[in-house]
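Take a look at the structure below.
The values are calculated or read from the model by the stated rules, or taken from the named source; none is laboratory data. The shown structure was predicted, so the numbers you read here are calculated from the model rather than taken from an experiment. FYI the Cβ positions are ideal-geometry reconstructions off the backbone, even for glycines, and counts take in every protein chain you see. Surface accessibility is based on the protein's heavy atoms, side chains included, excluding ligands, DNA and RNA. Shrake-Rupley method; radii C 1.70, N 1.55, O 1.52, S 1.80 Å.
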Amino acid sequence: MSRSPAAGAPRHRGAARAIIPPGAWLGLLGGGQLGRMFCMAAQSLGYKVAVLDPGTDSPAGSVADRHLQADYLDAGALADLAASVRAATTEFENVPAGALDYLARTARVTPAAASVAIAQDRISEKTFLAGHGFGVTRFAVLRSGSDARAVDPALVPGIVKSARFGYDGKGQIRVGSADEVVAAFEAMDRQPCVLEALVALGCEVSVIVARNDRGAVTTWPVAENRHRDGILDVSIAPARVPDMLADSARRIATEVAEKLDYHGVLCVEMFVTTDGALLVNEIAPRPHNSGHYTIDACVTSQFEQQARVLADLPLGDTRQHEPAVMVNLLGDIWFDAAAPATPREPDWTHVLRHPQAKLHLYGKAHPRRGRKMGHVTCLAPTIGEALAVAAAIKRDLGIPDAGAP
Ligand SMILES: Nc1ncnc2c1ncn2[C@@H]1O[C@H](COP(=O)(O)OP(=O)(O)O)[C@@H](O)[C@H]1O
Ligand SMILES: [Mg+2]
């Protein structure tokens with residue numbers, strides 16, 4: 001692969017605020033679909049992107065202008081990246097803080113390692129949120145067997161969640177009694193966990209927020225998220241919640257970004273309880289699956305905004321021009337009952353013929369059940385119509401419907 005032409009360009013110290021003009025190289029840690037969509041958005045603004053990712057089947061690496069295929073802490077690859085790019089960002093929260101800190105010595109890095117560190121760990125995340133007065137589910141920190149034995153019975157029934165590396169419902173055990181809390185903590189190999197009281201969910205929503213170096217903030221319309229087997233199935237935007245609640249959710253997301261002194265794109269996931277309260281569930285220091293609808297339905301997508309913050313360009317307009325329902329495409333639909341061991345490409349003709357559906361595939365060579373392979377955005381004048389399009393597409397592709405929309 002070619003060397004970056006920006007290698008000899010003037011360096012920008014960590015806090016430098018100059019606009020990084022199109023044509024410059026941007027760096028990305030991580031090679032998944034979020035990174036792929038970031039690459040594409042940055043490239044449409046004229047940037048070149050270098051991706052550091054150890055994977056061979058790398059959705060971002062395969063569209064990047066350059067793919068450094070190495071571990072995130074590989075000294076040579078990091079030095080190479082640092083010498084090549086004017087600014088760097090990440091597409092997943094488990095990126096080692098050391099890699100971001102290293103790059104921050106010579107390049108602009110958004111978000112900062114300190115913000116990422118808070119979101120990497122449920123204990124620091126919940127402590128941060130509760131400490132700043134945001135509503136969260138009642139919780140206890142479990143660091144030892146005695147913590148697990150001493151939990152407040154009011155937190156049960158609840159969910160024991162590992163503090164780190166949980167995603168898509170993994171690293172979680174539901175518990176119905178105090179004894180089960182102890183057993184769940186043991187089953188998690190006594191790694192640090194939180195126990196969260198189960199809340200009665202009206203629905204789940206999320207807000208994508210972007211904040212730049214000068215503190216300017218944009219949020220997108222609230223998305224309403226439905227999960228299947230712990231994985232996001234459908235996002236409906238705008239969420240079918242009262243305007244006042246949507247305004248509160250956007251305000252909360254803005255305040256979370258401000259309290260974190262966050263630079264970049266952040267997702268704030270929230271629970272709407274059956275009595276109408278908003279609780280912050282978790283935050284993701286990057287674009288998010290529930291914000292994919294912004295690509296087709298908004299003036300500026302979450303990925304373009306990530307590039308804009310990174311390059312210190314003006315923030316883009318987040319206005320939504322059409323109601324949208326995003327349907328996730330998991331690897332399951334690459335397998336059919338007749339040949340459950342051999343994946344085959346789904347027949348996309350119906351989706352592609354549909355005037356109100358936009359297909360996005362992530363170019364992953366190896367479909368697996370539960371693996372995010374792509375998504376479809378259904379656009380229509382009303383949410384009801386967009387939901388009907390989504391239902392038709394799900395039926396056609398054999399995606400189970402989780403029940404009434
Ligand atoms: N305290 C809770 N009460 C009720 N449902 C919950 C609670 N915590 C999590 N859930 C459900 O489990 C899902 C996954 O939990 P979450 O904490 O978001 O983990 P992750 O998305 O990292 O897997 C949530 O979207 C929600 O549907
Ligand atoms: Mg979640």
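Within region 200-251, count every residue that is surrounded by fewer than 17 Cβ atoms within 10 Å (Cβ to Cβ), out of contact with any strand residue (DSSP E or B) (no Cβ under 7 Å at 6 or more places or on another chain) and over 26 Å from Gly331 (Cβ atoms). Number satisfying all stated conditions: 9.
Taking (1) over 30 Å from Pro21 (Cα atoms); (2) surrounded by 21 or more Cβ atoms within 10 Å (Cβ to Cβ); (3) in contact with an Asp or Glu (Cβ under 8 Å, 6 or more places away or on another chain) in turn, Arg395 satisfies each apart from (2). Inclusion of Leu78 among residues that are outside any loop (DSSP other than H, G, I, E, B), free of Cβ contacts under 8 Å to residues at least 40 places away in the same chain and farther than 18 Å from Met373 by Cα is warranted. Evaluating Tyr262 against the criteria (1) open to solvent by 10 Å² or more (accessible area, probe 1.4 Å); (2) part of a loop (DSSP other than H, G, I, E, B); (3) not charged (D, E, K, R) leaves one unmet condition, (1). Among what's in region 165-208 and is among the charged types (D, E, K, R) and within 14 Å of ligand 2 (Cβ to nearest atom), pick the residue that is farthest from Glu282 (Cα to Cα). Within region 165-208, the match that is farthest from Glu282 (Cα to Cα) is Lys170. Among the residues of region 323-342 satisfying the criterion of being open to solvent by less than 60 Å² (accessible area, probe 1.4 Å) and without any contact (Cβ under 8 Å) to a residue 60 or more places away in the chain, which is farthest from Lys364 (Cα to Cα)? So, considering only residues that are open to solvent by less than 60 Å² (accessible area, probe 1.4 Å) and without any contact (Cβ under 8 Å) to a residue 60 or more places away in the chain, the one farthest from Lys364 (Cα to Cα) is Ala339. Could you say whether any residue in region 272-291 is small (Gly, Ala, Ser), within 16 Å of ligand 1 (Cβ to nearest atom) and in contact with an Asp or Glu (Cβ under 9 Å, 6 or more places away or on another chain)? Yes, because at least one residue in region 272-291 is small (Gly, Ala, Ser), within 16 Å of ligand 1 (Cβ to nearest atom) and in contact with an Asp or Glu (Cβ under 9 Å, 6 or more places away or on another chain). I need a count of the residues in region 362-386 that are open to solvent by 20 Å² or more (accessible area, probe 1.4 Å) and under 12 Å from Asn328 (Cβ atoms). Summing the residues that are open to solvent by 20 Å² or more (accessible area, probe 1.4 Å) and under 12 Å from Asn328 (Cβ atoms) in region 362-386 gives 3. Applying the condition of being open to solvent by 10 Å² or more (accessible area, probe 1.4 Å) and either closer than 16 Å to Arg250 by Cβ or of a type in the set (D, E, K, R) (or both) to region 282-311 and asking which residue is farthest from ligand 2 (Cβ to nearest atom) yields Arg308.
List the strands (runs of 3 or more DSSP E) that sit entirely inside region 114-176 and contain at least 3 residues that are open to solvent by 20 Å² or more (accessible area, probe 1.4 Å) and within 12 Å of ligand 1 (Cβ to nearest atom). Explain how you work it out, then say what you get.
Working: elements: 139-142, 158-162, 172-175.
Once the strands (runs of 3 or more DSSP E) in region 114-176 are filtered for at least 3 residues that are open to solvent by 20 Å² or more (accessible area, probe 1.4 Å) and within 12 Å of ligand 1 (Cβ to nearest atom), what remains is 172-175.
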